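Bear in mind these aren't lab numbers, they're just calculated from the coordinates by the rules spelled out. Note that the coordinates shown come from a computational prediction; the quantities given were computed from them, not determined experimentally. We place every Cβ from the backbone using ideal geometry, glycine too, and count neighbours over all the protein chains shown.
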Amino acid sequence: MPLPLLYLYIMLKIFKKHIDTNLVFLRETRLLIAVSGGIDSVVLSYLCKELELDFALAHCNFNLRGEESNADEEFVLELAEELDVEVFIQNFDTQTYADEHKRSIQMAARELRYDWFKELEEQLNYDYILTAHHADDNLETFLINFTRGTGLNGLTGIPEVNDNIVRPLLQFSREQIEAYAKENSIKWREDSSNSSRKYLRNKLRHEVVPILKEINPQLLNSFQSTLINLNDTADIVEESLNAVAKRAITNIDDNGVTYKVSEFKKVNNPKAYLFEMFKDFGFTEWNDVVDLLDAQSGKQVLSNTHRLIKHREFLILTDLRHSEHSDESFFINDKVSEVKTPLGILFFDEAEAIVNSSKSIVFVDRDKLSFPLELRLWKEGDVFRPLGMKGKKKISKYLKDEKLSLVEKENTWVLTSEGNIIWVVGMRADECFRAKDKTEDILKIELK
């Protein structure tokens, strides 16, 4: 059904009112418009020019369609000249990137595009990146998430503002944008891959959405109302989730985040809260996550990037990239006064007497040390004589008796001399190396 001419005359006014009412910050900032050469981004560029916004164009040539890709690049250069704005062009070997990083072509292109935009933004002091997503894109994204399975957040639509990414055309349909372009004799490039049915988005665009619009000619309006309702519901969920998180989280440190199991057991649907709390960390086996609530200490569930560990009455969320055992060690000679370590800074000072010893400060007999000392993670088989005890004790048994969690155990460091433990750092010194009242050369070691 063709759009009335009246609409075409007022589309610019609608766009202007939307900017001045909801996105007024774009008036006073430097903008990058992501331009493919397609109708949506070209129309966005013309609209921004009409509003005299301060913008430049940024175009990615992904080199996936041969001469067609090069023709798109040439078109964007001509567009920038016509609009009298600066333009940035970047060429990518998208296929190689996808192969090396094991990504789909679409995901590879997305990563390359946004990484480059971020570089431009930081290097040239641009404030926001504008993309030309519109109402039909929003509907297609909703349907993609719906068909793949998702939670509530996957059904709330594309955000108009997401950090420094702004999508000012979300209220306009593809039909409206095309009508505006034709009425104003605006030229654009057609991407031949948009007609391919091998991509899910295109299949939905060409085969599913037309049927839905036939059933309901006001589909986009109805969909917008649905999004508003879903976002209102999401706000309620977020408020409830924040309240539970506030009660459940007991500690946040370099090792991870600790949650009280009891707070999840109090709610009517623990699985729902666990899903919302941990969905962004890559977990997929949600029944296993729920089972952690009643599991024995030490039980854990892994994702590709994180893990949840049951420790007594707590769940501990850790980043796998920061929690793996490390072969890294630090060698400390007798001339060093301070050393930066993963635990903090170790200070080495001469002392005249033993005062204020604690878990973070030990006094040792320097004459019993052989330099260089080594600071390393503890390992199986390590033993020491805990300060104040006569017998030896395995480090593993000591850490268990101290009721440390798996994460804390993995991040326990020891200071050694010729392989012998001087100090379980931040916890307990060794009796053999301790300074006594008659010790002549006292070395104070402090962790800050």
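First measure r as the distance between the Cβ atoms of Ser185 and Glu68, then evaluate 1/(1 + (r/R0)^6) with R0 = 30 Å and state the FRET efficiency to the nearest 0.05.
Efficiency at R0 = 30 Å is approximately 0.85.
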Run the quick spin-label model on Asp349 and Asp294: label points 7 Å from Cα toward the beta carbon, then report their separation in nm to one decimal.
5.5
Inter-centroid distance (Cα atoms) of the stretch 347-415 relative to the stretch 256-305, Å
34
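Hey, what's the Kirkwood Rh for the stretch 294-448 if you take every pair of different alpha carbons, in angstrom?
16.8
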Total Lys pairs in the stretch 1-148 closer than 23 Å by alpha-carbon, pairs eight or more apart in sequence or interchain only?
5
If you average over every viewing direction, what projected area does the convex hull of the Cα atoms of the stretch 17-116 give, in nm²?
7.0
Straight-line reach from Lys198: which aspartates and glutamates fall under 14 Å, measuring Cα to Cα and dropping same-chain residues less than 8 apart?
Glu207
Beyond a 27 Å Cα-Cα separation, which of these cross-linked pairs lie in this structure: Lys394/Lys436; Lys266/Lys397; Lys271/Lys397; Lys335/Lys448; Lys310/Lys394?
Lys266/Lys397; Lys271/Lys397
For the stretch 247-323, what D do you get in µm² per second when you plug the Kirkwood radius from alpha-carbon pairs into Stokes-Einstein at 37 °C and 0.692 mPa s?
267
Surface/4 of the Cα convex hull for the chain, nm²
29.2
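Which percent, nearest 5, of DSSP beta bridges in the stretch 5-217 are antiparallel? All intermediate terms of the calculation are to be shown ahead of the outcome.
Numbers: 2 of 16 bridges.
Of those bridges, close to 10 percent are antiparallel.
Treat every Asp and Glu Cβ in the stretch 247-323 as -1 and every Lys and Arg Cβ as +1, leave all other atoms uncharged, and give the resulting dipole magnitude about the Cα centre to the nearest 20 debye. Don't skip to the answer; put the middle values down first.
Numbers: 11 positive and 11 negative charges, 39 e Å.
Using Cβ point charges on Lys, Arg, Asp and Glu, the stretch 247-323 gives about 180 debye.
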Straight-line reach from Lys203: which aspartates and glutamates have Cα under 14 Å away, leaving out those fewer than 8 places along the same chain?
Asp136, Asp137, Glu140
Residue separation times 0.36 nm, minus the C-alpha to C-alpha distance between Asp99 and Phe146: what's the value?
14.1 nm
